[in-house]
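Report on one structure; see the data block that follows.
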Amino acid sequence: MNQARAAILQRLRQGRPADFAVPESDFTVVRQRNWSLEERIERFQQKIESVQGQVHRVAEDHWIPVLIRLLAEHQINNLLLSENKAPAQALREQWHEDLPSLLSYQQPLEAWKETLFNQVDAALTSCRGGIAETGSLILWPDADEPRLMSLVPPVHFVLLQAKQIYATFDEVLREQAWVEQGLPTNALLISGPSKTADIEQTLAYGVHGPKALIVLLLE
Amino acid sequence: MSLQTIPLHSFDAGAQAALNNPQVRRNFRQAMDGLMSKRAAAFADWELEPLRELGAAIRLRALARLPELLEQLEANLQKQGVQVHWAQTGEEACQIIRDICQARGAKSVIKGKSMVSEEMELNHFLEAAGIEALESDLGEYIVQLAEETPSHIIMPAIHKNTDEISQLLHEKTGTEPSHDVDYLTASARQQLREKFMTADVGISGVNFAVAETGTLCLVENEGNGRLTTSVPACHIAVTGIEKVIEKLEDVTPLLALLTRSATGQHITTYFNMVSAPRQADEKDGPEAVHLVLVDSGRSAIYQDEALLDTLRCIRCGACMNHCPVYTRIGGHAYGTTYPGPIGKILMPHLLGLEATQDLPSASTLCGACAEVCPVKIPIPRLLQRLRKEAVDGDSLRPSRVRGHGVKRHWRERLIWSVWRQIHARPRAYRWAGNLLTRLRGLMPKQLGGWTRVRTLPKPAARTLHQLMQTRDAQTKTAQEPRA
Ligand code: SF4
């Protein structure tokens, strides 16, 4: 294996054309976006709705009743959510018994894989912001909101702060200083529910991941 | 199932068969028309030219520092706990993957979409070693059930229509026959979910490998890629060495180009960035992550400053969607892992020109591919270069592609050397011209494959020289003052 490594690198070094001309990388074309907050919100909403994502604009202190209504609409019996994050704690405090039961990702996947795959109806996660240009949500799954929360349950609810909608991914990388602080195990852009067009180019949603992606846009 | 369903050199036969199959032609025509208009719409509000310039510049910048970036990528990944392996050939890569699986006692592997793994026929290799390898991308799953190969690099099952897929799923998995795509999709989801839960290893491809941060980026819509890289205890990513890019900021423009060029989407549902295995406090994700870097002919392409443009490719498939040849014959006629224009410029390097000699000529050089290529690969120019290599036809530049000169034939050489002699000597040229006009009645009607779809031009009764002489003589008489 080390032999392969040495051989490949040597071939590349020796074979590299001597005057390798590299044109300037001019990023202007992906950077010239001067959208106001309202424009960013609108674009985000329009883009994510174009791929079947749902957006509900709600006042920051009013999202829990909206969520409760949506849970009922989607006939959801249980909801997987964080244990420690502030919004999840707020929700737990306001919860009562007649509402769908609340679950948390307490154990490693292996300990409850069957249940997670077959019995969890929906999950609620936070996110690190949105992207207007592509209608994307930025997620950095962690120990409290592991990565399968946004993938395995059929419905995924996301809390997004309106003021955290950036223009482009490029802007996110710079403003949130991704390179400087280092990337997590897994980082994600999620732009709509899971979909496929592999059968005669007909769009179908929910092929491997969630069938519904519902964004609660907090203003 | 053999990867090469038809012998490689019989591109002609494959193309003929496809042309005579109205179903194949209909399926492709429809799909490609749709993809072309979606791409155009997706770029409508973009300044496309500067964006393509940027895409090309990013890829070239990465290639200029390829060995250094590979080392940087490796160092960063290792620091983050990812094991990095190097393979000179596809077979070596297969062995590495098999060994990782066997060391874990793995019996089953679930796969996300990876063209490199198609290229090295990984599935057969693993199955021969007693390891079940199941494709999880819906298109790949369909193709695998049908015991076929992908006919398009982005949409593997594009050659099949709903009817055919419904029938296939019914026969192989017992799904009720149906025209309801949602139903068919849901039933595949159910079957594959079981497999995701039990698979020992997940194998994926890589779209971009970011050297600066040690990050493997995967682009997908279905979520099968995320499941593959998250659920099994071990994730093996496999990629060609050319997929590395320098910086994280290079991702935004390349991603914008890739998804729009491929399917006309402004972005795919998931952009999945993997930088490390599961950390001590984390509750899911693979405990082991491996990256297998495959050369398989790529470092040979790198030796030539013109040919290395081939390595810029980001595998979007736009060149296929816009190719008048691909649109008519579909992907299988090429008999190679990568079909269409990108296949024509890449496969000769991977397999040698002996096996792929017809590919560079199977083009009208219309230039549609180069016009849409998001990283501005001059595909027609590369095709011309490969045509020359196939006959060793460039006296100034020595050929270097494996199998070069395979199409060189004494008869063709003789014809061209006579042609050259004649055109270099005015007297010989006139003599040959006169001879041809006199023998014009004797011209054959058929001239092999050339006249199959063309009529042979017939020499005129008089040469241009003769016509000019007559004309000169006439004007002279006319101008002579009458006595
Ligand atoms: S050659 Fe260009 S157009 Fe074709 S797949 Fe590669 S990047 Fe896309």
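Treating only the Cβ of Lys, Arg, Asp and Glu as charged (+1, +1, -1, -1), what charge dipole size does chain B show about its Cα centre? Round to the nearest 20 debye.
Details: 57 positive and 54 negative charges, 783 e Å.
Value, rounded to 20: 3760 debye.
Can you say what percent of the DSSP beta bridges in the protein assembly as shown, counting only those with both residues inside, are antiparallel? Round to 5.
Working: 20 of 70 bridges.
Percentage antiparallel, nearest 5: 30.
Could you give the dipole magnitude of the protein assembly as shown about its Cα centre, charging the beta-carbon of Lys and Arg +1 and that of Asp and Glu -1, in debye to the nearest 20? Write out the running numbers ahead of the final one.
Values: 77 positive and 82 negative charges, 1076 e Å.
Charge dipole of the protein assembly as shown: 5180 debye, to the nearest 20.
Please give the peptides B:122-129, B:40-47 ranked by average Cβ packing (other Cβ atoms within 10 Å per residue), highest first, as a rough proxy for protection.
On the way: B:122-129: 17.8, B:40-47: 13.4.
Going from most to least packed, we get B:122-129, B:40-47.
Over all directions, how big on average is the projection of the convex hull of the alpha-carbon atoms in the range B:415-479, in square nanometres?
Numbers: hull surface 24.2 nm².
That works out to 6.0 nm², a quarter of the Cα hull's surface.
Between B:Glu305 and B:Arg104, take the C-beta separation as r, use R0 = 45 Å, and let me know the FRET efficiency to the nearest 0.05.
Details: r = 43 Å, r/R0 = 0.95.
Result of the calculation: an efficiency of 0.55.
Before anything else, pin down the relative contact order of chain B: Cα pairs under 8 Å, at least 6 apart, normalised by residue count, whole percent.
Values: 775 pairs, mean separation 94.5, N = 483.
Here the relative contact order equals 20 percent.
What cysteines in the protein assembly as shown have no other cysteine with a beta carbon less than 4.7 Å from their beta carbon?
For the protein assembly as shown, the answer is A:Cys127, B:Cys94, B:Cys101, B:Cys217, B:Cys234, B:Cys313, B:Cys316, B:Cys323, B:Cys366, B:Cys373, because their Cβ atoms have no other cysteine Cβ under 4.7 Å.
Lysines within cross-link reach of B:Lys79: Cα-Cα under 23 Å, excluding same-chain residues under 8 positions apart?
Straight-line reach from B:Lys79, under 23 Å: B:Lys243, B:Lys247, B:Lys283.
So for the range B:11-300, Kirkwood radius off the Cα pairs, Stokes-Einstein at 37 °C and 0.692 mPa s: how many µm² s⁻¹?
Numbers: Rh = 20.2 Å.
D, rounded to a whole number, is 162 µm²/s.
Give me the number: length gained by fully extending B:Ala129 to B:Gln469, i.e. 0.36 nm times residue separation minus the C-alpha to C-alpha distance, one decimal in nm. Please report the intermediate quantities before stating the final value.
Details: separation 340, 0.36 × 340 = 122.40 nm, distance 7.89 nm.
Stretched fully, the B:Ala129-B:Gln469 segment lengthens by 114.5 nm.
Would you please put A:123-129, A:151-157 in order of how densely packed they are, using the mean number of other Cβ atoms within 10 angstrom per residue and starting with the highest?
Working: A:123-129: 21.7, A:151-157: 24.7.
Going from most to least packed, we get A:151-157, A:123-129.
Relative to the first principal axis of the alpha-carbon coordinates of chain B, what is the inclination of helix B:48-64, with its axis defined by its Cα atoms, in degrees from 0 to 90 and to the nearest 10?
Roughly 70 degrees between the two axes.
Cut-off under 20 Å on the C-alpha distance; same-chain residues fewer than 8 positions from B:Lys476 excluded. Which lysines are left, in chain and number order?
Within reach: none.
Can you list the residues, at least 5 places off or on another chain, whose amide H is less than 5 Å from the amide H of B:His85, using H built in the peptide plane?
B:Leu291, B:Val292, B:Leu293
Collect residues whose amide H, placed 1.01 Å from N in the peptide plane, falls under 5 Å from the amide H of B:Lys113; neighbours closer than 5 in sequence don't count.
B:Asp137, B:Gly205
Among B:Leu255, B:Asn20, B:Leu442, which residue has its Cα furthest toward the positive end of the charge dipole of chain B, with +1 on Lys/Arg Cβ and -1 on Asp/Glu Cβ?
The residue sitting most towards the positive pole is B:Leu442.
Take the residue pairs B:Lys113/B:Lys160; B:Lys388/B:Lys445; A:Lys195/B:Lys172 and return only those whose Cα atoms are more than 27 Å apart. Could you put the intermediate results ahead of the total?
Values: B:Lys113/B:Lys160 18 Å; B:Lys388/B:Lys445 29 Å; A:Lys195/B:Lys172 23 Å.
As for pairs spanning more than 27 Å Cα to Cα, those are B:Lys388/B:Lys445.
Sorting B:Arg29, B:Arg471 on the 10 Å Cβ count, fewest up front, what's the list?
Values: B:Arg29 13, B:Arg471 10.
Arranged by neighbour count, lowest to highest, B:Arg29, B:Arg471 become B:Arg471, B:Arg29.
What is the order of B:Lys172, A:Lys85, fewest Cβ neighbours within 10 Å to most? Before the final figure, lay out each step's value.
On the way: B:Lys172 14, A:Lys85 17.
Final ranking by Cβ density, sparse to dense: B:Lys172, A:Lys85.
Between B:Met443 and B:Arg413, what FRET efficiency comes out of the Förster formula 1/(1 + (r/R0)^6) with R0 = 30 Å and r the beta carbon distance, rounded to 0.05?
Working: r = 22 Å, r/R0 = 0.75.
Once the sixth-power term is evaluated, E becomes 0.85.
Can you pull the mean other chain C-beta count within 10 Å for peptide A:12-24?
Mean shielding count: 6.
In the protein assembly as shown, if the dipole is taken from +1 on Lys/Arg beta carbons and -1 on Asp/Glu beta carbons about the Cα centre, which of B:Leu69, B:Ala318, B:Val210 is farthest to the positive end?
Result: B:Ala318.
What is the average number of partner chain Cβ atoms found within 10 Å of a Cβ in B:51-61?
Working: counts 3, 1, 5, 8, 2, 2, 6, 4, 1, 5, 5.
Averaged over the peptide's residues, the number is 4.
If you place +1 on the Cβ of every Lys and Arg and -1 on the Cβ of every Asp and Glu, how big does the dipole about the Cα centre of the range B:213-261 come out, in debye to the nearest 20?
Details: 4 positive and 6 negative charges, 18 e Å.
So the dipole magnitude of the range B:213-261 works out to roughly 80 debye.
So what J values fall out for the range B:74-79 if you push phi through Karplus, 6.51 cos²θ - 1.76 cosθ + 1.60 with θ = phi - 60°, rounded to Hz, Gly and Pro as x?
So the J values, rounded to whole Hz, are 4, 4, 5, 5, 4, 4.
Just to check I understand the Karplus step: with θ = phi - 60° and J = 6.51 cos²θ - 1.76 cosθ + 1.60, what whole-Hz values come out for the range B:425-431, glycine and proline as x?
Rounded to whole hertz, the list is 10, x, 5, 4, 5, 5, 4.
Leaving out same-chain residues fewer than 8 places away, which aspartates and glutamates sit with a Cα under 19 Å from that of A:Lys113?
A:Glu83, A:Asp121, A:Asp142, A:Asp144, A:Glu145, B:Glu194, B:Asp200, B:Asp281, B:Glu282, B:Asp284, B:Glu287
Compute the whole-percent fraction of alpha carbon pairs in the range A:120-219 spaced more than 23 Å apart. Walk me through the intermediate numbers first.
Working: 1422 of 4950 pairs.
More than 23 Å apart: 29 percent of the Cα pairs in the range A:120-219.
Rounded to two decimals, what is the ratio between the C-alpha radius of gyration of the protein assembly as shown and 2.2 N^0.38 Å?
1.10
Sticking with the crude label model, points 7 Å out along Cα→Cβ, report the distance from B:Gln479 to A:Leu37 in nm, one decimal please.
For B:Gln479 paired with A:Leu37, the spin-label model returns 8.7 nm.
DSSP beta bridges in chain A, what fraction antiparallel, as a percent rounded to 5? Intermediate values should be presented prior to the final figure.
On the way: 7 of 31 bridges.
For chain A, the DSSP antiparallel bridge percentage is about 25.
Values quoted throughout were computed directly from the atomic coordinates according to the rules given, and no laboratory measurement underlies them. If you're wondering where the values come from, they're calculated on a predicted model, not measured in any experiment. Please note: Cβ atoms are built from the backbone with ideal geometry, for glycine as well, and neighbour counts cover all protein chains shown.
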